[in-house]
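Data first, discussion second: the structure below is written as structure tokens.
The values are calculated or read from the model by the stated rules, or taken from the named source; none is laboratory data. Every value quoted in this text rests on a predicted model; they were computed, and no experiment measured them. A quick note on method: Cβ atoms are made from the backbone with ideal geometry, for glycine too, and the neighbour counts reach across all protein chains shown.
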Amino acid sequence: MTRTLTLTLLYLLGAGLAVHASVTSGQHDALGYALGFAALHALLLVAAIREWLAAEERRAIAAGAARLARLRARAEAEAEAIDGIARIELAAACCEMWWTSAGADHDAACGRDRWAA
Ligand SMILES: [Zn+2]
């Protein structure tokens, strides 16, 4: 922001000096110089406006990137929580058949089905 303000003020100062030089050149009947300084004045005004607009664009991009980073961090935290729940559930499973059958059946080697019966 400081850089933008400094550049904008410098461009505006240069534009003001160009206007002064243009008017002074016109007063001394140097029409070519007057037109040249007038063109320089217009160029510096355009540069000041572009610098200000570019700064607005940079601020918007930075705000969007920060919002995206927050969303990404939240999604990663949610994914870690889901992974944790899945690990707990897998650790509680007694056998693969029980896990794949949603708790309806057990492997023959699993001792749990004897407890349930
Ligand atoms: Zn089992």
Of (1) under 33 Å from the mean Cα position of the chain (by Cα); (2) within 16 Å of the ligand (Cβ to nearest atom); (3) among the polar types (S, T, N, Q), Thr100 satisfies all except one. Which? (1)
Note: among Ala109, Ala91, just one is part of a loop (DSSP other than H, G, I, E, B), within 16 Å of the ligand (Cβ to nearest atom) and aliphatic (A, V, I, L, M), namely Ala109
For the list (1) surrounded by fewer than 12 Cβ atoms within 10 Å (Cβ to Cβ); (2) modelled with pLDDT of 95 or more; (3) farther than 30 Å from Trp99 by Cα, I need the number of the one condition that Arg3 fails. (2)
Regarding segment 84-93, can at least one residue be identified that is out of contact with any helix residue (DSSP H, G or I) (no Cβ under 9 Å at 6 or more places or on another chain), of a type in the set (D, E, K, R) and surrounded by 10 or more Cβ atoms within 10 Å (Cβ to Cβ)? yes
Going through segment 20-72 in order, the residues found to be surrounded by 12 or more Cβ atoms within 10 Å (Cβ to Cβ) and of a type in the set (Lys, Arg) are Arg50, Arg58, Arg59
Testing Tyr33 on (1) within 16 Å of the ligand (Cβ to nearest atom); (2) aromatic (Phe, Trp, Tyr); (3) at pLDDT 95 or above, one condition comes back false. Which one is that? (1)
